[in-house]
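The structure appears below as structure tokens.
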Amino acid sequence: MRNLRKEKKDVTGIDILPSLFTNHVGSITDKKFVQQCMKGITHVQHVATLHKPHVSSHNKQQFIDTNITGTLNLLEASAKNDVRSFIFTSTTSTFGDALTPGPGEPAAWITEEVVPIPKNIYGVTKTAAEDLCRLFHRNYKLPCLVLKTSRFFPEEDDDSQIASTYTDSNTKANEYLYRRVDTEDVVNAHLLAMEKAPSIGFGKYIISATTPFEKKPCMKD
């Protein structure tokens, strides 16, 4: 929103809480509210979600309501209003157990072709929302791009052993090697996706820091 306003774009923000970037206060679970807000909209940046930290504070139905039904409401309104691009912010957390190396493997190599194995309701609902985006492109020709972003906000590491061995700042620095992303890169990816969606149609893209490694395993002499 900050970048779009700097570019003097005519933007409308909706959120459940008022802010400097919120024009309409309400929930995407409210279908009528969404339809009202979508009038005259040409591009959609869908970032509203319940995140993984909400697993401990919200029940599964709330995740389904926000992440699946909310996405469906936005997609239906977008298709009805002939939106030119629909950008859905997803997450690499959808890969779940696929992020864990298999027996005897030193690491898991994650690309867009890896099949997600969600391990919580967050991953399940985000994966379902991605499929909804694909469906609306297939059936309504709605240009939809899914951006699977890596972690970009501070949180305690999932692995308790790592958290107890290293300082939090050290852990986060190392995460840039394989599962973290700079906020500016995420913003730029969303702006480019909005521009390119009409020509691409549908696609899923991982947005993450560049790994210094190659898939080819290191061999000993």
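For the reader, a short list of remarks on this structure follows.
- Spin-label model, Leu192/Lys32: points 7 Å from Cα along the beta carbon direction are separated by 4.2 nm.
- GNM result for the chain, Cα springs below 10 Å: residue of Cys37, Cys133, Cys144 fluctuating most strongly: Cys37
- Candidate lysines - alpha carbon under 21 Å from Lys215, same-chain residues fewer than 8 apart omitted: Lys148, Lys204
- Value of Rg to Rh for region 164-216 (Rh from inverse mean 1/r over Cα pairs, i.e. Kirkwood): 1.12
- Contact order, relative form, for region 7-131: 24 percent (alpha carbon pairs under 8 Å, 6 or more residues apart, mean separation divided by residue count).
- Based on the convex hull around the alpha carbon atoms, region 22-124 presents an average projected area of 8.2 nm².
- Counted by Cβ distance under 11 Å from Phe63, the other residues give a net charge of +2, where Lys and Arg count +1 and Asp and Glu count -1.
- Each label point was placed 7 Å from the Cα along the Cα-to-Cβ direction; for Lys216 and Ser19 their separation is 4.5 nm.
- Cα-only Debye scattering, the chain: base-10 log of I(q)/I(0) at q = 0.11, 0.12, 0.13, 0.16 Å⁻¹: -0.59, -0.70, -0.82, -1.20
- Residues Thr167 and Thr100, FRET efficiency given R0 of 30 Å [Cβ-Cβ distance, rounded to 0.05]: 0.80
- On the beta carbon distance between Trp109 and Lys141, with R0 = 30 Å, the FRET formula returns roughly 0.35.
- Of Lys32/Lys196; Lys32/Lys80; Lys172/Lys216, pairs whose Cα-Cα distance is over 19 Å: Lys32/Lys196; Lys172/Lys216
- Applying both filters, DSSP loop and at most 10 other Cβ atoms within 10 Å, to the GluC sites (Glu not before Pro) of region 42-143 gives Glu112, Glu113.
- Cα long-axis angle, helix 183-200 against the chain (0 to 90 degrees, to the nearest 10): 60 degrees
- Förster radius 45 Å - calculated FRET efficiency between Met1 and Ser56 (Cβ-Cβ, nearest 0.05): 0.95
- Computed over region 27-207: relative contact order in percent, which uses C-alpha pairs under 8 Å that are six or more apart: 25 percent
- GNM remark for the chain: springs join alpha carbons under 10 Å apart, and the peak mean-square fluctuation among Gly201, Gly13, Gly123 falls on Gly13.
- Look at Asp182, Asp65 and count the other Cβ atoms within 10 Å of each Cβ; fewest to most, that gives Asp182, Asp65.
Values quoted throughout were computed directly from the atomic coordinates according to the rules given, and no laboratory measurement underlies them. Since the structure is predicted, the reported quantities are computational estimates derived from the model, not experimental observations. For neighbour counting, all protein chains shown are included, and Cβ atoms are generated from backbone atoms with ideal geometry for every residue, glycine included.
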